[in-house]
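The structure under discussion appears below in the form of structure tokens.
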Amino acid sequence: MITFQRLPEVQQSHRLRLNTLIRLRWLAIIGQSLAVLVVAYGLQFPMLVGPCFALIACSAWMNLFLAFRYPAAHRLKPWAAMGILVFDSLQLTGLLFMTGGLTNPFSLLLTVPVVISATSLPLVLTALLGVMVMAAASFLAFYHLPLPWYSGMELAMPFIYVGGIWMAVLSSIAFTGIYAFRVAKEARLLANALAATELVLQREQHLSALDGLAAAAAHELGTPLATITLVAREMEKALGDDPKYRDDVTLLRSQSERCREILKRLTSLSSEGEAHLARLPLTSLVEEVIAPHRDFGIQIKLYAGKCEGPEPVGRRNAGVIYGLGNLVENAVDFARSSVTVRWVWDEHNVSFTIMDDGPGFPPEILDRIGEPYMSTRQDAGRGGGLGLGMFIAKTLLERSGASLEFRNSSGPGEGAIVNVAWPREVFLNPEAAARMSIDTAWA
């Protein structure tokens, strides 16, 4: 199974864009200002308008300072982003302190800085921010100015109600923080795994394109090489039997003729082989997939099932070859003595089945096979990596229109079974898979 180093982008994913925080803070400033104006002058509730707008002004001043100090595309280091979110949390805590504490309906906004941290900052910093915000919420549950209400009246909330709000705020901070962190982490892992998939596919396509590059090189080199050959012949005629240069000129002409023959073979190989290499019969695909895995001490058994109709001949697809090859490699890595590759086709479907006599897939992760950075076998000492190889294989095969099924065999002496199946039309015409993907996306 192929393993990959963690990509550098994983570290960059913890760097939050400054412009994102600035825009979110402007929205908060507008919302806070409107809330103060509506409560103080619309509802005419008595409240500390001046100190509230002083705190809002501090937030606006912070925004202006950061906007002029750093470029819009600047990415903050984790601790710098943590400091800005701490400032936002304390500013909101100050506003809530002057407007009723946790009895204020907007107290749930304390969860916002924690959610932002969970989606972009490391777990340790998010946990520290969460503990700080929980401490602030606990402080507001006991210490705060009265909730703005009608003049001459005080809205007294029962402590059990305030305690319920306090528990709701703490639960929201914990739940939304953990949930946002897990979702963001899976998204980052998936993005980096897809990047690794694209790199593998580009490599396979690059290897497939070498034949065309060889033809282009042969065509470009043909003209200067013909000139060199012509000049060598003229020099040979002019120098005649001169013993000083005769051997050198003869060698130069013979080597130029040899280069022309090599280029001619390259050109003929590309022009004659391009047509049949672009199409690949199913049995040839099987042989190409398993050939690199024959010499590892594991017997590979080939078995053709009940096939109906003519043999499918599909277009050569680097992603399919790599994906099937990775599945076979995975089976060889964990097999005890043998791997069986079975294929079958009919008028509607084309399918491969890869079976090994190894330990099989652990039942607890059978439904999660193919997720990035998760090893799929019990024996991690034999080829167990980060799980990227299986993810890449699954992604490339599904992109070609295939459906995959992973299961364990119930028969004696058999382990894991992987079944890969295409609709026959998709196998013969990969463009049909692209049309199916577009139709599915629109649906």
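Taking amide H atoms as placed 1.01 Å from N in the peptide plane, the amide H of Leu16 lies under 5 Å from those of Leu76, each 5 or more residues away in sequence or on another chain.
Remark: the stretch 155-166, residue by residue, has Karplus-estimated 3J(HN,Hα) of 8, 8, 8, x, 4, 5, 5, 4, x, x, 5, 4 Hz, where x stands for each Gly or Pro and the curve is 6.51 cos²θ - 1.76 cosθ + 1.60 at θ = phi - 60°. Taking 20 Å as the cut-off, the amide N atoms of the stretch 347-370 that come nearer than this to a point 7 Å along the Cα-to-beta-carbon line of Asn408 belong to 354-370.
Under 5 Å between amide hydrogens, built in the peptide plane, is the criterion, and for Asp346 it picks out Glu308 among residues at least 5 positions away or on other chains. Normalised per residue, the accessible area of the stretch 75-193 is 51 Å², obtained with a 1.4 Å probe and no contribution from ligands, DNA or RNA.
Could you give the C-alpha radius of gyration of the stretch 40-108 expressed as a fraction of 2.2 N^0.38 Å, taking N as the number of residues it contains?
1.36
Per-atom-type breakdown for the stretch 42-178 gives carbon and sulfur 77% of the accessible area (1.4 Å probe, protein chains only).
3J(HN,Hα) along the stretch 87-101: 4, 4, 5, 5, 5, 5, 4, x, 5, 5, 4, 7, 10, x, x Hz, from the Karplus curve 6.51 cos²θ - 1.76 cosθ + 1.60 with θ = phi - 60°, whole Hz, x for Gly and Pro. For the stretch 106-161, the alpha carbon convex hull comes to 89 Å³ per residue, rounded to a whole number.
Less than 5 angstrom separates the built amide H of Ile300 from those of Val339, all sequence-distant by 5 or more or on a different chain. Residues in the stretch 304-315 carry Karplus couplings, in order, of 8, x, 6, 9, 10, x, x, 5, x, 10, x, 7 Hz; the curve used is 6.51 cos²θ - 1.76 cosθ + 1.60 with θ = phi - 60°, and Gly or Pro positions show x.
The values are calculated or read from the model by the stated rules, or taken from the named source; none is laboratory data. Only a predicted model underlies this, so the values are computations on that prediction, with no experimental measurement involved. Glycine also receives a Cβ, built like all others from the backbone with ideal geometry; neighbour counts cover every protein chain displayed. We work out accessible area using only protein heavy atoms, side chains counted, and drop any ligands, DNA or RNA first. Shrake-Rupley method; radii C 1.70, N 1.55, O 1.52, S 1.80 Å.
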